[in-house]
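Take a look at the structure below.
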């Protein structure tokens, strides 16, 4: 398998750095021989005179950069290099965090996996787990490759800040093979497709006979901080196999990102929550961000009313005669309010009859369908789709007890919070298969509602827990954000960047002592990113 040209091919050095260059050549040769290199082998391979070689080896040994085996008298890489390497990504420990997922990808696919970070106008390879095949991808660690013709590079480029991407796109695109994309318009179209599907493909664009699939590791602001990839010969990594590999790579990148971001980003303490509502609600709920209007909507269930908050403050949108059960926002038809056996389309006051009261609702943004949750029997619920015209689907998905739910950004998964059972369930909307993602300990509070953030991570509001919790991939509580009131009832993400956190709360049922200790109970709160 052809190797990518790397920094090792550049043997020229600035004047006056001859000894340093020789030291690097020696280090390269020792690494290449994997601990089996003696002084004669190193001298033959590097062309360095024996007296000079011994002086350099002596200095490197004293510094711990290399070490000499006392029995075989062969040289090996010294332990001091581990300390140096550790500092490369010590701030986020990216390499260590990624290792498990890269190894897993290698084991399940049989192909070589890589980790890379941006470096100037290219990508620097900092991690690799080689596949077991004799014919495999073998790009060297430390090599810098172009962005525009590698899967890692394109994955990074697609999710870099716009200014950085524009700077890169102002440069000419070098052709590496007959399949390299060299037209800027074609690359822009490719990057747009990558952003939509979440992964990139290098289809023999840098090395003929090699195909790679890469995905970005996103930071807390949604921009790429690194990328991972799977690479192998085209006869094994076929076009038909790419879609299956892509799913695994994208999921691994998301898992790595979820683990890296908590170390690089700290939320303000709960004391920094600020009220956005003028007055406290009895039972606030169903906060939903309207990106089109750049405003937040929420309801008071018990003193039934709909509110909207924007940069000009909070306004009462409409009061109602009966308790409000749920709220859903559509892009084309505005807010839908669910009360009793009725759905109200506020834009034109249209009313639609419902078979049962709705527990919760959420909008499928791609087509403005509303997923509504009805009670079903004593302990169950059913999910049904409702068109903005009020028509309900005949088919229903029946699940266990629930108090609230949310939908993933790709609209393929629903997460269902159950105050009764203390669980959060993951439901595949296509297959209707579900599994319990998390069982929240009673000491933590009761999950009453949930939301998905910009990174696809699930958050739950914990009644009687004075907090919100973020769940990790296996359903454990990975992060808690304290809330200055005992009963958060709902949460959502919004604001200009989609990272501000909004929380509704309740004051119904709290006594005077409770309200003294938690004066913001009932208010809708905002925690700015």
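The values are calculated or read from the model by the stated rules, or taken from the named source; none is laboratory data. Remember, it's a predicted structure, so these values are computed and weren't measured experimentally. So basically every Cβ, Gly included, is an ideal-geometry build from the backbone, and we count neighbours across all protein chains shown.
Between 393, 409, 418, the distinction of being more than 26 Å from residue 222 (Cα to Cα), in contact with a strand residue (DSSP E or B) (Cβ under 7 Å, 6 or more places away or on another chain) and in contact (Cβ under 8 Å) with a residue 12 or more places away in the chain belongs to 418 only. For segment 198-220, the condition of being surrounded by fewer than 22 Cβ atoms within 10 Å (Cβ to Cβ), out of contact with any helix residue (DSSP H, G or I) (no Cβ under 7 Å at 6 or more places or on another chain) and either closer than 30 Å to residue 496 by Cα or not assigned by TED's automatic domain parsing to the domain that holds residue 117 (or both) holds for none of the residues.
I'd like the residue in segment 294-317 that is modelled with pLDDT under 90 and outside any strand (DSSP E or B) and, out of all such residues, is surrounded by the fewest Cβ atoms within 10 Å (Cβ to Cβ). Only one residue fits best here, namely 311.
Yes or no, residue by residue, for (1) surrounded by 24 or more Cβ atoms within 10 Å (Cβ to Cβ); (2) touching a residue at least 12 places away in the same chain (Cβ under 8 Å):
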residue: 445; (1), (2): yes, yes
residue: 469; (1), (2): no, yes
residue: 478; (1), (2): no, yes
residue: 511; (1), (2): no, no
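Selection of segment 356-385 for residues being under 27 Å from the mean Cα position of the chain (by Cα) and loosely packed, with under 15 Cβ neighbours inside 10 Å yields 365, 366, 367. Just one of the listed residues (195, 175, 163, 211) is over 26 Å from residue 251 (Cα atoms) and under 28 Å from the mean Cα position of the chain (by Cα), namely 163.
Quick check on my filter: what residues within segment 219-246 are assigned to a helix (DSSP H, G or I) and touching a residue at least 40 places away in the same chain (Cβ under 8 Å)?
The initial filter retains those residues of segment 219-246 that are assigned to a helix (DSSP H, G or I), namely 239-246.
Across segment 219-246, the qualifying residues are 242, 245, 246.
Just wondering, is there one or more residues in segment 261-279 that are in a loop (DSSP other than H, G, I, E, B) and at pLDDT 90 or above? First the steps, then the outcome.
Initially, segment 261-279 is screened for residues in a loop (DSSP other than H, G, I, E, B), giving 265-269, 273, 276-279.
In the following step, the residues that additionally are at pLDDT 90 or above were identified as 276.
Yes: one or more hits.
For segment 280-293, the set of residues classified as more than 14 Å from residue 335 (Cα to Cα) and either part of a strand (DSSP E or B) or under 27 Å from the mean Cα position of the chain (by Cα) (or both) consists of 283, 284, 285, listed by residue number. For segment 221-249, filtered to residues that are in contact with a helix residue (DSSP H, G or I) (Cβ under 8 Å, 6 or more places away or on another chain) and under 18 Å from residue 473 (Cα atoms), the residue that is surrounded by the most Cβ atoms within 10 Å (Cβ to Cβ) is 249. Taking segment 429-524 and the strands (runs of 3 or more DSSP E) fully enclosed by it, the elements with 3 or more residues that are out of contact with any helix residue (DSSP H, G or I) (no Cβ under 8 Å at 6 or more places or on another chain) are at 434-439, 446-452, 458-463, 467-471, 488-494, 500-505. Of the set (1) buried (at least 18 other Cβ atoms within 10 Å of the Cβ); (2) assigned to a strand (DSSP E or B), all apply to residue 388 but (2).
In segment 115-137, of all residues being in a loop (DSSP other than H, G, I, E, B) and touching a residue at least 40 places away in the same chain (Cβ under 8 Å), the one that is nearest to residue 156 (Cα to Cα) corresponds to 121.
Scanning for something under 33 Å from the mean Cα position of the chain (by Cα) and within 28 Å of residue 496 (Cα to Cα), does segment 339-353 turn up at least one residue? No, segment 339-353 has no match at all.
Apart from one condition, residue 394 fits all of (1) modelled with pLDDT under 90; (2) under 30 Å from residue 260 (Cα atoms); the exception is (2).
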